[in-house]
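Take a look at the structure below.
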Amino acid sequence: MKQRTILEDVVLEGVGIHTGEFARVILRPEPEDHGIFFYRSGVRIPLSPEHVVNTFHSTDLGSEGVVVKTVEHLLSVLHLLRITNLTVEVIEGEEIPILDGSGYEFYKKLKALVTDQSEEVQPFRLPEGEEVEVRHGNTRLVAKSCPCFEITYEGEFPNFIGSRKFTFRGNAMEVVLARTFCFDHEIEYIKKNGLGKGGSLENTLVLGRDGVYNRSGLRYEDEPVRHKVLDLIGDLYLLGVPFKGKVISYRGGHFINYQLVRELYKRYAPEGGVVRG
């Protein structure tokens with residue numbers, strides 16, 4: 001598998017869903033063996049589970065007291081496109097812009113700019129026959145060795161969606177349009193916790209008991225489940241390189257996704273971290 005970067009700088013801007021502040025970032029191509037870094041206020045933050053500082057309603061990275069919030073949708077698209085060398089420079093704000101709440105705008109801008117480099121990258125794999133399981137409350141994630149990249153999410157939603165299960169097997173268009181979501185009864189709780197200040201029906205799918213509040217309706221009939229898969233693809237990229245394997249998530253979210261990534265990293269990452277190739 002070849003290392004990859006992009007051909008030119010890409011600017012992304014918009015509101016941060018949790019801070020409510022204007023956010024502007026520049027994605028910059030990087031040479032082979034550079035890896036993926038976030039850069040803000042003079043501080044470089046490596047893409048690594050060791051730099052995760054928050055998993056409550058988003059995945060945030062930080063170093064030396066500097067934080068970049070809500071990286072998961074961008075990371076998901078970088079993972080889907082197998083971009084391995086990139087700097088994400090945060091120019092304004094402290095959050096990756098939410099855009100329309102999905103990964104589509106990231107994907108649309110980056111797909112045509114991806115370019116292979118000459119050096120190889122070694123995917124993160126579990127040894128053959130190995131399996132890793134993590135649990136937290138009524139949630140559970142299992143990772144299994146497989147030459148594939150396959151993710152299954154199973155969830156139960158206390159409204160019109162009900163029990164749902166979706167399996168991703170590599171087709172990005174089956175997940176990149178799925179928007180971040182919340183239930184109508186959660187909005188007050190989210191706001192009380194100082195989050196969701198930039199949330200709106202333009203960037204968030206709001207679910208009620210009998211339907212959605214968004215006039216455009218659902219993009220997929222199981223859009224919330226597919227968004228959970230999109231988030232998990234992004235959180236798995238905290239490993240720093242493309243993941244090869246099978247992951248099954250039962251009601252998972254960012255916290256338990258991170259617990260799985262941390263366990264995989266602890267067990268299987270080479271000493272000193274994941275190698276580039």
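The values are calculated or read from the model by the stated rules, or taken from the named source; none is laboratory data. Note that the structure is predicted; figures quoted are calculated from it, not measured. All Cβ positions, even for glycine, are placed from backbone atoms using ideal geometry, and neighbour counts span all protein chains on display.
Here the condition is being at pLDDT 95 or above and closer than 21 Å to residue 30 by Cβ; of 99, 78, it holds for 78 alone. Residues that are of a type in the set (Gly, Ala, Ser) and without any contact (Cβ under 8 Å) to a residue 24 or more places away in the chain were ranked within segment 128-175; the one that is nearest to residue 256 (Cα to Cα) is 137.
Screening segment 113-137 for residues that are small (Gly, Ala, Ser) and either more than 23 Å from residue 241 (Cβ to Cβ) or modelled with pLDDT under 95 (or both) and picking the one that is nearest to the chain's Cα centre (by Cα) gives 137.
None of 214, 203 is at pLDDT 95 or above and more than 27 Å from residue 151 (Cα to Cα) except 214. Scanning segment 245-265 for residues that are within 14 Å of residue 132 (Cα to Cα), part of a helix (DSSP H, G or I) and either at pLDDT below 95 or not basic (Lys, Arg) (or both) yields a total of 9.
If you go through segment 111-137 and keep only what is of a type in the set (Val, Ile, Thr) and in a strand (DSSP E or B), you end up with 114, 115, 132, 134.
Filtered by the rule that a residue be touching an Asp or Glu at 6+ places or on another chain (Cβ under 8 Å) and β-branched (Val, Ile, Thr), segment 10-35 gives 15, 17, 19, 25, 26. Meeting the requirement of 3 or more residues that are among the aromatic types (Phe, Trp, Tyr), the strands (runs of 3 or more DSSP E) wholly within segment 1-110 are 36-40. Residues in segment 124-144 that are closer than 17 Å to residue 270 by Cα and either among the aromatic types (Phe, Trp, Tyr) or surrounded by fewer than 16 Cβ atoms within 10 Å (Cβ to Cβ) (or both): 124, 127, 128, 130. Exactly one residue among 24, 28, 82 is out of contact with any helix residue (DSSP H, G or I) (no Cβ under 6 Å at 6 or more places or on another chain) and on the phi > 0 side of the Ramachandran plot, and that residue is 82.
Note on segment 182-220: among residues that are surrounded by fewer than 14 Cβ atoms within 10 Å (Cβ to Cβ), touching a Leu at 6+ places or on another chain (Cβ under 8 Å) and charged (D, E, K, R), the one that is nearest to residue 95 (Cα to Cα) is 184. Within segment 138-166, being polar (S, T, N, Q) and within 22 Å of residue 59 (Cα to Cα) holds for 138, 139, 152. For segment 23-79, name all the residues that are crowded, with 20+ Cβ neighbours inside 10 Å, among the aromatic types (Phe, Trp, Tyr) and over 18 Å from residue 12 (Cα atoms). Matches in segment 23-79: none.
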